[in-house]
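Below is one structure; the comments refer to it alone.
The values are calculated or read from the model by the stated rules, or taken from the named source; none is laboratory data. Just so it is clear, the model here is predicted, and its values are computed rather than measured. In this analysis, Cβ positions are derived from the backbone assuming ideal geometry, glycine residues included, and neighbour counts consider all displayed protein chains.
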Amino acid sequence: MSDEKFELPFNSPVSPLRLEAGDKLQFRCHRGVSCWNECCSHADVTLAPYDIIRLKQAIGLSTRDFLKKHTVPFELDASGMPGIKLRTENSGACLFMTDDGCSVYENRPTACRYYPSGLLSMRTIGKNTDERHFLLIREDHCKGHLEDQVQTVQAFREDQGVVEYDDYNREWYVILLKKRSSGPAIGKPSNLSLQLFFMASYDMDRFRRFVTSDSFRKTYELSDEFYETVETDDVALMQFGFKLMRQVLYGEIEIPEVEGAWQKRAEERKEILKMRREIEAIEHEKSREAEISAALGGDPDEPT
Ligand code: SF4
Ligand code: SF4
């Protein structure tokens with residue numbers, strides 16, 4: 001266990017300790033603890049893409065309805081990368097909390113599985129990979145630290161079913177870390193990049209419509225098999241989204257583009273803009289004529 005202090009990616013009233021996978025953790029949470037539900041009564045749960053897939057499938061909602069009903073937006077960093085948190089009651093209690101505990105326990109988000117520990121992904125400048133460490137937060141209200149169960153952090157992760165969540169979300173954390181560690185070198189993402197990040201990270205159903213649209217098919221060279229898979233497989237779609245985000249945000253080209261497609265789209269856009277301007281000019285001319293005719297006391301619709 002290290003005494004090293006570091007900056008956390010979320011607000012916490014206490015300083016956490018850094019842990020490694022083999023470090024020992026004394027902790028147990030169960031229905032009999034005196035603080036039962038205390039943590040969920042003041043929930044501050046940031047969601048990652050795989051959390052949303054599991055929750056929306058479990059509740060049986062579209063991602064749009066899930067986002068509307070169960071989440072609130074916030075900014076993940078100073079460059080405005082969009083994040084979402086679980087919505088709570090005004091009191092701070094999680095909407096999924098019941099007297100018997102978590103009503104979505106089998107599909108609870110990563111942050112809930114980890115508590116009172118957490119994942120600390122770090123990226124060393126000059127390296128392309130992330131380093132995984134863990135952290136421990138000791139909050140006074142949590143009496144699970146007084147229980148006598150001791151296990152390694154790795155055993156705790158396996159016990160809580162968090163390994164699968166970390167594996168699925170890992171590429172997404174790397175995208176965020178890369179944004180953070182590159183700072184102003186990469187600059188503030190455009191509004192379109194931020195919209196893509198939001199859609200591919202959180203609004204999977206809308207992202208599916210985007211990826212299977214005619215204009216997307218004309219822009220990227222992807223197989224029929226790919227389209228069949230992403231029609232029904234949320235995880236495959238999420239993983240494709242990570243690739244597309246890297247391509248759009250960092251220029252890491254992995255998805256082959258149809259030759260000349262961007263140029264063709266730019267020309268089509270120019271053509272549409274030109275047509276719009278011509279229509280606006282005609283409408284402006286018509287309303288000018290109507291004004292003049294009205295000023296002269298005539299009926300603007302009467303042929304002259
Ligand atoms: S999702 Fe479940 S475990 Fe997480 S804060 Fe809500 S009630 Fe608690
Ligand atoms: S022991 Fe900790 S994690 Fe378990 S209910 Fe109490 S506050 Fe929550």
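Can you list residue pairs whose Cβ atoms sit under 7 Å apart, with the first residue in region 223-239 being in contact (Cβ under 8 Å) with a residue 60 or more places away in the chain and closer than 21 Å to Ile175 by Cβ and the second being of a type in the set (Ser, Thr, Tyr) and in a helix (DSSP H, G or I)? Count only pairs 6 or more apart in sequence or on different chains.
These pairs meet every condition: Val235/Tyr168; Met238/Tyr50.
Out of all the residues in region 74-99, which are without any contact (Cβ under 8 Å) to a residue 60 or more places away in the chain, among the charged types (D, E, K, R) and within 13 Å of ligand 1 (Cβ to nearest atom)?
Lys85, Arg87, Glu89
Any chance region 35-43 includes a residue that's touching a residue at least 60 places away in the same chain (Cβ under 8 Å) and in a helix (DSSP H, G or I)?
yes
Which condition from (1) touching a Lys or Arg at 6+ places or on another chain (Cβ under 9 Å); (2) within 27 Å of Phe207 (Cα to Cα); (3) loosely packed, with under 15 Cβ neighbours inside 10 Å is the one that Glu164 breaks?
Going through the list (1) touching a Lys or Arg at 6+ places or on another chain (Cβ under 9 Å); (2) within 27 Å of Phe207 (Cα to Cα); (3) loosely packed, with under 15 Cβ neighbours inside 10 Å, Glu164 breaks only (1).
Within region 62-73, identify whether any single residue is within 21 Å of Ile175 (Cα to Cα) and away from ligand 1 (no atom under 16 Å from the Cβ), and answer yes or no.
So far as region 62-73 goes, yes, one or more of its residues are within 21 Å of Ile175 (Cα to Cα) and away from ligand 1 (no atom under 16 Å from the Cβ).
Could you grab the pairs with beta carbons closer than 8 Å, sequence gap of 6+ or different chains, first residue in region 261-278 and on the phi < 0 side of the Ramachandran plot, second one at pLDDT 70 or above and outside any helix (DSSP H, G or I)?
Close Cβ pairs (under 8 Å, with a partner that is at pLDDT 70 or above and outside any helix (DSSP H, G or I)) amount to Ala261/Tyr220.
Can you report the number of residues in region 43-59 which are touching a strand residue (DSSP E or B) at 6+ places or on another chain (Cβ under 8 Å) and either of a type outside the set (A, V, I, L, M) or within 16 Å of ligand 2 (Cβ to nearest atom) (or both)?
Number of matching residues: 4.
So, in region 100-126, exactly how many residues are within 8 Å of ligand 1 (Cβ to nearest atom), touching a residue at least 24 places away in the same chain (Cβ under 8 Å) and over 22 Å from Tyr168 (Cα atoms)?
Going through region 100-126 one residue at a time, the tally reaches 2.
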